[in-house]
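**Student:** Handing you a structure now.
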Amino acid sequence: MLTPTRVTHPDLKAVTVFLAATATPARGGLMYLDAVLPAEHRLAATRVVRDLGALPPDAILYLLAQPLLDLASDQLMPYRDLTTRYEERFEVEDSAEWTAVMAEYNREADAITAAIFRAQGEAGLAHLYPSTSGTGVFDRRVERGRQHFFGPPSGAHAAYLRSKGIID
């Protein structure tokens, strides 16, 4: 049985703003949540909505992924040595060496990101994350969740997702 997420007073504001943003017919407010709420509050609010069972799993995954990736991005900043080590090896963009170095950098950064997901209590998402699964499941499910709120992709965005195998 799932233990319900505990909500503190500051979380109530986040949950209220969060629900208001996701409950509108056009769900237009969802785009602005990152400007209104810090990642920690969006994460807490999403966990409450997840525990309520108010949205499909992929929509929840999309909502969880956004603040988790924001937190991971913020926490990757102290890893300056990671960037420095790879910057020294970057040669000409699009060369074979550049491609290999970028792949190595992305694997290392993804492993750090997955560790941050686990540290935030989201081991299931860490397991799906690109470096740990290598299957693309994370990206496909996040895209299905995005579509729940914003509809199918079009134009250049759709072409990009097709080129990466995220959509058919």
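The values are calculated or read from the model by the stated rules, or taken from the named source; none is laboratory data. Bear in mind the structure is a predicted one, so any value in this text is a computation, not a measurement. Cβ coordinates were reconstructed from backbone atoms using ideal geometry, including for glycine residues, and neighbour counts include every protein chain displayed. We work out accessible area using only protein heavy atoms, side chains counted, and drop any ligands, DNA or RNA first. Shrake-Rupley method; radii C 1.70, N 1.55, O 1.52, S 1.80 Å.
**Student:** Considering each of 55, 61, 43 in turn, give the residue that is within 18 Å of residue 148 (Cβ to Cβ) and in a helix (DSSP H, G or I). First the steps, then the outcome.
**Tutor:** On the way: 55 fails: in a helix (DSSP H, G or I); 43 fails: within 18 Å of residue 148 (Cβ to Cβ).
That would be 61, the only listed residue that is within 18 Å of residue 148 (Cβ to Cβ) and in a helix (DSSP H, G or I).
**Student:** Please go through (1) open to solvent by 40 Å² or more (accessible area, probe 1.4 Å); (2) in a loop (DSSP other than H, G, I, E, B); (3) of a type in the set (A, V, I, L, M) for residue 166 and return the number of the only condition it doesn't satisfy.
**Tutor:** Every listed condition holds for residue 166 apart from (1).
**Student:** Test residue 97 against the stated conditions and say whether it is open to solvent by 40 Å² or more (accessible area, probe 1.4 Å), assigned to a helix (DSSP H, G or I), among the acidic types (Asp, Glu) and modelled with pLDDT of 85 or more.
**Tutor:** In short, no.
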